[in-house]
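S.K.: So that we are looking at the same thing, I have put the structure below in structure tokens.
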Amino acid sequence: MAKTDLNQLTWFQAVAEERSFTKAAAKLGVAQSTLSHTIKQLEERMGIRLLTRTTRNVAATVAGERLLQTIAPRIAEIEDEIAALMTFRERPSGSIRLTLSDHALESVVWPKLRPVLSAYPDIGVELILDSSFRNIVEEGFDAGVRLGESVEKDMIAVRIGPDWRLVAVASPTYLDAHDAPVHPQDLVRHICINMRHETAGGLYAWEFEKDGQALRVRVKGQLTFNNSYAMIDAAVNGYGIAYVPENIVEQHIASGLLVQILDDWSPLFDGYFLYYPSRRQNLPAFKVIIDALRFRG
């Protein structure tokens, strides 16, 4: 049998992992018809069906799954070795792909990355905004950003930001019409702006703590978001009480657009950490990103 083209294997890997020719073609930057033809050639050359295709999805056969498990770590090793060879270049280069929330991007990551990217034009960074907990290894990310309490134990974690807290806020107009809550349990009688927890799929239960007493309160209201900035806008416009990161609402409080309530019940959360598998730590471009984001107190 003729030697298998490495491109055919990497393209097969993309289709098998994405479970879609459309998504894999977009990820690879090739035409879907070209991708389909290439996979067909690979199957014909091997004499084995690697993928089952239906009108809705694509799945690896038993043979295809075995091939995927065989080639995926080897292709990753090749990519890492090629990236390591880039150390011989005068300037670090390469692409770094990160998954993080909008709050992590705006409050920590982007302010630190801006000057670094200007100094290293050969480093490309792809930032995927998502509040859910992605599997960075399976989904092809170099690293992710999460609160310290959420980082998996088998990952290397580097603190990139200080501890912070959520605070309850409402507009003066709302508080003129409703008595301000003095205890977290009072929130069940108020109109609140909910946050959808994307990973679990449910609504976030607001977490409070005072004098060692921890409370979780499930609130109700007309609006639910998966974005803190949208929640702030809704609160400013009088749609209820929001529970949002303090550092992105400070200006609204200082200007009087919002009033902070239950301040003594707002606990600190672990700050953001960059987490990644150990095999990524020696890539020159990745080292630049880690050094730029590292929290220095």
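The values are calculated or read from the model by the stated rules, or taken from the named source; none is laboratory data. None of the values given here were measured: they were computed from a predicted structure. When we count neighbours, we look across all protein chains shown, and the Cβ atoms used for this are built from the backbone with ideal geometry, even at glycine. Only protein heavy atoms, including side chains, enter the accessible area calculation; ligands, DNA and RNA are left aside. Shrake-Rupley method; radii C 1.70, N 1.55, O 1.52, S 1.80 Å.
S.K.: Residue 43 versus (1) acidic (Asp, Glu); (2) closer than 27 Å to residue 123 by Cα; (3) surrounded by 13 or more Cβ atoms within 10 Å (Cβ to Cβ): which is the lone unmet condition?
M.R.: (2)
S.K.: Within the range 155-181, take every residue that is without any contact (Cβ under 8 Å) to a residue 24 or more places away in the chain and assigned to a loop (DSSP other than H, G, I, E, B) and give me the one that is surrounded by the fewest Cβ atoms within 10 Å (Cβ to Cβ). Working first, answer last.
M.R.: Quick first cut of the range 155-181, residues without any contact (Cβ under 8 Å) to a residue 24 or more places away in the chain only: 176-179.
Right, trim to assigned to a loop (DSSP other than H, G, I, E, B) and you get 178-179.
Details: 178: 15, 179: 9.
Looking at residues that are without any contact (Cβ under 8 Å) to a residue 24 or more places away in the chain and assigned to a loop (DSSP other than H, G, I, E, B), I get 179.
S.K.: Please state which one of 132, 118, 95 is assigned to a helix (DSSP H, G or I) and either touching a strand residue (DSSP E or B) at 6+ places or on another chain (Cβ under 6 Å) or small (Gly, Ala, Ser) (or both). Before the answer, list the steps.
M.R.: On the way: 132 fails: assigned to a helix (DSSP H, G or I); 95 fails: assigned to a helix (DSSP H, G or I).
On inspection, the qualifying residue turns out to be 118.
S.K.: Please go through the range 223-255 and give me each residue that is open to solvent by 90 Å² or more (accessible area, probe 1.4 Å) and farther than 21 Å from residue 131 by Cβ, ordered by number.
M.R.: Within the range 223-255, 237, 250, 251, 254 meet the criteria.
S.K.: Can you give me the ranges of the strands (runs of 3 or more DSSP E) entirely in the range 216-297 with at least 2 residues that are within 21 Å of residue 145 (Cα to Cα) and in contact (Cβ under 8 Å) with a residue 40 or more places away in the chain?
M.R.: Of the strands (runs of 3 or more DSSP E) lying wholly inside the range 216-297, those with at least 2 residues that are within 21 Å of residue 145 (Cα to Cα) and in contact (Cβ under 8 Å) with a residue 40 or more places away in the chain span 242-245, 272-276.
S.K.: Related question: Which one of 80, 142, 130 is within 15 Å of residue 278 (Cα to Cα), of a type outside the set (Ser, Thr, Tyr) and under 20 Å from the mean Cα position of the chain (by Cα)? It would help to see each step written out before you state the result.
M.R.: Details: 80 fails: under 20 Å from the mean Cα position of the chain (by Cα); 130 fails: within 15 Å of residue 278 (Cα to Cα).
It is 142.
S.K.: For residue 69, indicate whether it is among the polar types (S, T, N, Q), modelled with pLDDT of 85 or more, exposed (fewer than 14 other Cβ atoms within 10 Å of the Cβ) and over 30 Å from residue 117 (Cβ atoms).
M.R.: Spelling it out, residue 69 is indeed among the polar types (S, T, N, Q), modelled with pLDDT of 85 or more, exposed (fewer than 14 other Cβ atoms within 10 Å of the Cβ) and over 30 Å from residue 117 (Cβ atoms).
S.K.: Between 270, 264, which is open to solvent by 50 Å² or more (accessible area, probe 1.4 Å), modelled with pLDDT of 90 or more and not small (Gly, Ala, Ser)? Spell out the reasoning first.
M.R.: Numbers: 270 fails: modelled with pLDDT of 90 or more.
Result of the check over 270, 264: 264.
S.K.: Further, regarding this structure: If I filter the range 134-144 for residues that are closer than 18 Å to residue 269 by Cβ, touching a residue at least 60 places away in the same chain (Cβ under 8 Å) and surrounded by 14 or more Cβ atoms within 10 Å (Cβ to Cβ), do I get at least one hit?
M.R.: yes
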